[in-house]
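Reading through the structure tokens given below for one structure.
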Amino acid sequence: MNRARHNPLNSAASHAVLILYTIIALFPVFVILVNSFKTRRAIFSEPLTLPTGDAFSLIGYQTVMKQGDFFLYFQNSVIVTVASLFFILLFGAMAAFALSEYRFRGNMLMGLYLALGIMIPIRIGTVAILQMMVASGLVNTLTALILVYTAQGLPLAVFILSEFMRQVSDDLKNAGRIDGMSEYSIFFKLVLPLVRPSMATVAVFNMIPIWNDLWFPLILASGEKTKTLTLGSQVFIGQFVTDWNAVLSALSLAILPVLVLYTIFSRQLIRGITSGAVK
Amino acid sequence: MASRPRTHIVVFLAPAVIVYTAVMIWPLFNTLLLALYTTDEAGRHFAGLKNFRTLLGDPNWSRPFWNALGNNIWFFVVHMLVQNPLGVLLAAILSHPRLRFAALYRSAIFIPTVLSFVIVGFAWKLILSPIWGIAPSMLDMVGLKSLFAPWLGKEEYALTTLALISVWQFVGIPMMLIYAALLSIPEEILEAGEIDGLTGWQAFWKIKLPLILPSIGIISILTFVGNFNAFDLIYSAQGALAGPNFSTDLLGTFLYRTFFGFQLQLGDPHMGSAIATAMFVIILIGVCLYLFAIQTRMRRYQF
């Protein structure tokens, strides 16, 4: 039966297309990384070769380390991303539990209200967000970014998590209630551990857009102390457009953490996307 | 159960509802409201639809607005014509049940999607730069050097080039979603088709494609919403002025310049809000069209 669907010619063609596209997808990353380790002369004379022998140089990285405060930027990005994810998951799971577990008046309406934000991008409200942050003195603080990203991530988190929480068995929760557990301990001790895989999915989904966002750091937290890595590299690279070594090294330094995160979480991410789509 | 005190429901809901309302819904509402006000010597006062009349009627405003909107539509069209078919093609190949290294290809092709716009914008800017010369020398290898032009620097090519860069970055998402949809098609349906003589590409067109239409619908609306508030890539590659000569200006960059100000122009929150409102209406129309028209028609195919 299967033979009708596959033949070797087809399989060779499939690999050819996939290899070609993989090269297209990876080529720019490869070119940036490779050339960041070269002398200025080698960058221009042989951009496609590996940095060996005379061509090898770390001058770009030295400039970047001296000029840009990349460790601070990196630290800011980590703080913002981790804190936002924490609040998205905690608040999102709590709301999802309330919506999926209890029947109360306005349940449907509340669910719809929280779902509005899935389709409407938070950027539309930027003008008023900026005014609000100015009025409350939160401009140029990481708190402003954390608040915005938490609000941005909540709708989808509530939506996905309540889907999964509906699948948690009622018997288990009722057994807990008979044992005298409070609703809070049922949530934290029984339900949360059971939906941990879907929490990971939500986290991985939110992580990349938060880490990579340029819009809100640019508008709400562009001060030197609060720059995220994305904004920091944007500004830094903008200043050094003519110093090719520095630009390429800065780009490589910005690519590296994302690639590391991706290799750690790619399985989770891909599983999340694929399981989400089946639903 | 009804006799139990129900404060816990409030406690569970409150944090999410408060943050979401205060930081998302309230500012969104306020932005729509700000668009109806104006500030002059007398201070801030209600102005009705004056800002919208300015935006659509005053040539100083309407020309950049229609320019940005037109560019944005073209940006979206390129995504629909290139990104989504390419995603479907890659997913169709990847979903072959006996393909080797499928996971490897999948992970590699998804890498650009996780990179930030800043990285992507600058990386392509360097690669396409005539100063560095990677692009022309590569074209030279296949004998097409005459085709090279400083694509990002020419008014007629810059927008399409950026749209294609964005496609390059995001093709992983349609690929993954379609891939998942293809894997979820029950084997029996494909076997039934085979008995009726449908194999290979025929099976794809006649059986699989209709079944993955709902996923294509979701991808289209995600692309639409993403494209109509795109900003980062243009800002990274071309700056806030969306050069050359505003040929790559999108609604997002236009909004940024208007409300935040750039160079000598001061920010104008009211006109900015008017543009944001226009974006809101456009996105809302798109989402409603999707929800009502497309979704109801496509439901027929689901099992």
Is chain B rounded, prolate or oblate when judged by the Cα gyration tensor, a ≥ b ≥ c being the square roots of its eigenvalues, rounded requiring a/c under 1.5 and prolate requiring a/b larger than b/c?
oblate
May I ask which residue of A:26, A:67, A:151 lies farthest towards the positive end of the charge dipole of chain A, with charges of +1 (Lys, Arg) and -1 (Asp, Glu) on Cβ and the Cα centre as origin?
A:26
Relative contact order for chain B using alpha-carbon pairs under 8 Å, separation at least 6, rounded to a whole percent?
25
Among A:172, A:248, A:270, the residue whose Cα sits farthest towards the positive end of the charge dipole of the protein assembly as shown (+1 at Cβ of Lys and Arg, -1 at Cβ of Asp and Glu, taken about the Cα centre) is A:172
If amide hydrogens are placed 1.01 Å from N in the peptide plane, which non-local residues have theirs closer than 5 Å to the one on residue B:37?
B:47
For region A:185-237, the convex hull over Cα atoms projects on average to an area in nm² of 5.2
Please give the calculated 222 nm ellipticity per residue for chain B, where each DSSP H segment of at least 4 residues contributes -39500 (n - 2.57) and the sum is spread over every residue; nearest 500 deg cm²/dmol?
-20000 deg cm²/dmol
Under a point spin-label approximation (7 Å from Cα along Cα-to-Cβ), what is the residue A:259-residue B:96 distance to one decimal in nm?
2.8
Pair residue A:242, residue B:262: separation of 7 Å Cα→Cβ label points (nm):
2.3
What percent does the relative contact order of chain A come to when contacts are Cα pairs within less than 8 Å and at least six residues apart?
28
For region A:37-52, take each phi angle, set θ = phi - 60°, evaluate the Karplus expression 6.51 cos²θ - 1.76 cosθ + 1.60, and give the result in whole Hz per residue in order, putting x for glycine and proline.
9, 10, 6, 4, 5, 5, 4, 8, 7, 9, x, 9, 9, 6, x, 10
Normalised per residue, the volume inside the convex hull of the alpha-carbon atoms of the protein assembly as shown in Å³ amounts to 190
Tell me which residues come under 5 Å, amide H to amide H, from residue A:38 once H is placed; ignore anything under 5 positions away on its chain.
A:57
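Which trypsin sites (Lys or Arg not before Pro) from region B:87-150 combine a DSSP loop assignment with at most 13 other Cβ atoms within 10 Å? Before the final figure, lay out each step's value.
On the way: sites: B:98, B:100, B:106, B:125, B:145; in loops: B:98, B:100.
Counting only loop positions with at most 13 other Cβ atoms within 10 Å, the trypsin sites (Lys or Arg not before Pro) in region B:87-150 are B:98, B:100.
Given an 8 Å cut-off on Cα distances and at least 6 residues of separation, report the relative contact order of region A:209-279 as a percent. Working shown, then result.
Numbers: 24 pairs, mean separation 13.9, N = 71.
Taking the mean separation of contacting Cα pairs over the length of region A:209-279, I get 20 percent.
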Expressed as an acute angle from 0 to 90° and rounded to the nearest 10, what is the orientation of the C-alpha long axis of helix A:142-165 relative to the principal long axis of chain A?
50
Quick one: 3J(HN,Hα) in Hz for region A:82-96, Karplus 6.51/-1.76/1.60 with θ = phi - 60°, rounded, Gly and Pro as x.
5, 5, 4, 4, 4, 5, 4, 5, 5, 5, x, 5, 4, 5, 4
Apply the Karplus parameterisation 6.51 cos²θ - 1.76 cosθ + 1.60, with θ equal to phi minus 60°, to every residue of region B:72-89 and state each ³J(HN,Hα) to the nearest whole Hz, in sequence, with x for glycine and proline.
5, 5, 5, 3, 5, 4, 4, 4, 5, 7, 10, 4, 6, x, 4, x, 5, 4
Please compute the modelled spin-label separation between residue B:66 and residue B:104, points set 7 Å along Cα→Cβ, answer in nm with one decimal.
5.4
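Please state the shape class of region B:39-195: rounded when a/c is under 1.5, otherwise prolate if a/b exceeds b/c and oblate if not, all from the C-alpha gyration tensor.
Cα axes put region B:39-195 in the oblate bin.
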Using only the alpha-carbon atoms of region B:150-303, report the extent along each of the three principal axes, biggest first, to the nearest angstrom.
70, 38, 21
Assign one of three labels to region A:70-239, namely rounded, prolate or oblate, based on the Cα gyration tensor with a ≥ b ≥ c the square roots of its eigenvalues; rounded applies when a/c is under 1.5, prolate when it is not and a/b is larger than b/c, and oblate otherwise.
prolate
Provide the gained length on full extension for the span residue B:18 to residue B:149, in nm with one decimal, where the gain is 0.36 nm per separating residue minus the Cα-Cα distance.
41.9 nm
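Rounded to the nearest 20 Debye, what is the dipole magnitude of the protein assembly as shown about its Cα centre when Lys and Arg each give +1 and Asp and Glu each give -1 at the C-beta? Don't jump to the answer; show the numbers that get you there.
Numbers: 37 positive and 26 negative charges, 164 e Å.
The calculation lands at about 780 debye.
Stretch residue A:71-residue A:104 to full length: gain in nm at 0.36 nm per residue minus the Cα-Cα span? All intermediate terms of the calculation are to be shown ahead of the outcome.
On the way: separation 33, 0.36 × 33 = 11.88 nm, distance 4.87 nm.
Once the chain is fully extended between residue A:71 and residue A:104, it gains 7.0 nm.
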Would you please give the residues with an amide H less than 5 Å from that of residue B:171, counting only those at least 5 places away or on a separate chain, with H modeled from the backbone geometry?
none
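Throughout, read-outs are computed from the coordinates displayed, never taken from laboratory work. Please read all numbers here as calculations on a predicted model, not as lab measurements. As a convention, Cβ positions derive from the backbone with ideal geometry for all residues, glycine included, and neighbour counts pool all protein chains shown.
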